[in-house]
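Nothing in this text is a laboratory measurement; each read-out follows from the coordinates by a stated rule. Worth saying up front: this structure is predicted, and the values here are computed from it rather than measured. Please note: Cβ atoms are built from the backbone with ideal geometry, for glycine as well, and neighbour counts cover all protein chains shown.
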């Protein structure tokens, strides 16, 4: 075999292993598995389908999605997934049905996450082996697997380039790189608001630390009119693109009110949470003991794997004993990680620095703040690859070390198939079709055109699942529904689902 092909083969194999272990095991050979449960996953499928119907002229309003009727601007109760909607629409145009398009959408985004991180690491001058290892952790890590039930958090392919261009700006002082960083950040907002706000916070920390460490250079640049013009443009243009997305959500927040800080307190982090693994790990089973007796534990399982955890403290140890003194990229990234962790930690009696962050627009609507681990993971991988590259300078002849690292990475983030959250497509379709048949029976005997439906069965089933099934059934029939659900709408709509379904 041509020796030049070995690194490429290494990348392809690792990529294939990741696709098999995550989307492959979820979807299954019979293509029946869908990521997430019967709740949020299908709700996000509803949003994607609504976007497809709107842009193909099958429904007249985008923001007023036809659920929770007769409420208006209902899409602002949750994420809209606009940033990845074109991919879903492409699959629908190819004649795949709603649920199958959602499965393929998930599969392709998992692939995009790996590919994006891989090329970003290559751009950062890491070799093929290290780039593939870093991309695998980014795309298939345990924290990512833990968010499978939230489709609005799956599209993470923007994150690597946001930080790449941000750091690039502080090395070249070319404002166009800052503009690229903010434009990709805006794209991430369109992919998912939650992920956008959390990443924006981490971007702000990295930006501020860079300015502090390079203040004299930054100050001198601000004396140049050409730099100021480009700097302002790099901020204004992304903001203008973001405004059409943000305004409807601000209007919703103004009319519905903001969350109280006391609602956030149960979601604040402790250092214990960073030892809590997702699912049933292959090699970290003993850590499951940390998951016990933790409120909302599923939102706080932030164990990032032994490799990242080990290299994080290896770096801190080297700094502590005085072996490393540089205040370059690794120092900035690690410092940003520490600051971002401290912001979300409960320091006692519900006190946290996040209480002050909530005063900024958008952050007052957040509760599961443990999702900050998603952008944090990329910074941790970046630091790890720098350390590994330094170590491999001495051992570059021993390519088998990369194979050992790759095998450990796969085991490090491996969990049992049964512990990955997913549901059956065929069962979901069967339940939705049962609702559709009931609607059709009623409509056949009705003398009047049905303006909307309210599916309220006498059932002990999960109210959220029933609400979403009613909304999906009505969507398939192109009829507005009173049914619907969103975790942010309890004060306005939640009582309908909780009090009327028995």
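What ranking, highest mean first, results for peptides 169-175, 188-194 when packing means the other Cβ atoms within 10 Å averaged over each residue?
Highest to lowest by the protection proxy: 188-194, 169-175.
Quick check: Cα centre of segment 269-348 to Cα centre of segment 383-445, how many Å?
Each part reduced to its Cα centre gives a spacing of 21 Å.
In nm, to one decimal, how far is the modelled label at residue 419 from the one at residue 364, with both set 7 Å along Cα→Cβ?
For residue 419 paired with residue 364, the spin-label model returns 4.0 nm.
Largest first and in whole Å, what are the equivalent-ellipsoid semi-axes of the chain based on the Cα gyration tensor, each being the root of 5 times an eigenvalue?
Sorted largest first and rounded, they come to 40, 27, 23 Å.
Based on the Cβ-Cβ distance from residue 327 to residue 459, what FRET efficiency comes out when R0 is 60 Å, to the nearest 0.05?
0.50
Spin-label point model (7 Å from Cα, Cβ direction): what's the residue 222 to residue 411 distance in nm?
Once both label points are built, they end up 5.2 nm from each other.
Helix 159-172: angle to the longest alpha-carbon principal axis of the chain, degrees 0 to 90, nearest 10?
40 degrees
Counting other beta carbons within 10 Å of each residue's own, what order do 345, 482, 289 fall into, fewest first?
Placing the least packed residue first, the sequence is 289, 345, 482.
Per 0.36 nm of contour for each residue apart, how much would the distance between residue 314 and residue 404 grow if the chain were fully extended, relative to their Cα-Cα spacing?
Contour length minus the Cα-Cα distance gives 30.5 nm.
Test of understanding: ordering 485, 402 by Cβ neighbours within 10 Å, fewest first, what list do you get?
So the residues, fewest neighbours to most, are 402, 485.
Using r as the Cβ-Cβ distance of residue 427 and residue 478, and R0 as 30 Å, what FRET efficiency do you calculate, to the nearest 0.05?
Efficiency computed from Cβ-Cβ geometry: 0.80.
Describe numerically, in nm with one decimal, the distance between label points set 7 Å from Cα along Cα→Cβ at residue 289 and at residue 127.
That separation, rounded to one decimal, is 4.0 nm.
Which of the peptides 450-458, 418-426 is most tightly packed, and how do the rest follow, judged by the mean count of other Cβ atoms within 10 Å per residue?
Ranking, from highest mean packing down: 418-426, 450-458.
Please list 159-166, 200-207, 218-225 highest first by mean number of surrounding beta-carbon atoms within 10 Å per residue.
Ranking, from highest mean packing down: 159-166, 200-207, 218-225.
Can you tell me the relative contact order of segment 38-105? Whole percent, Cα pairs under 8 Å, sequence separation 6 or more.
Rounded, it is 30 percent for segment 38-105.
Compute the long axis of helix 225-256 from its Cα atoms, compare it with the longest principal axis of the Cα atoms of the chain, and write down the angle in degrees, 0 to 90, nearest 10.
30 degrees
Roughly what angle does helix 373-395 make with the longest principal axis of the chain, taking Cα atoms, 0 to 90 degrees, to the nearest 10?
30 degrees
Based on other C-beta atoms within 10 Å, arrange 145, 479, 338, 137 from fewest to most.
Fewest to most other Cβ atoms nearby, the residues stand as 338, 479, 145, 137.
Nearest 0.05, what FRET efficiency do residue 356 and residue 254 give at R0 = 25 Å with Cβ-Cβ as r?
About 0.70, to the nearest 0.05.
Can you compute the helix-only [θ] at 222 nm over the chain? Use -39500 (n - 2.57) per DSSP H run of at least 4 residues, normalise by all residues, nearest 500 deg cm²/dmol.
When only DSSP H runs of four or more count, the value is -19000 deg cm²/dmol.
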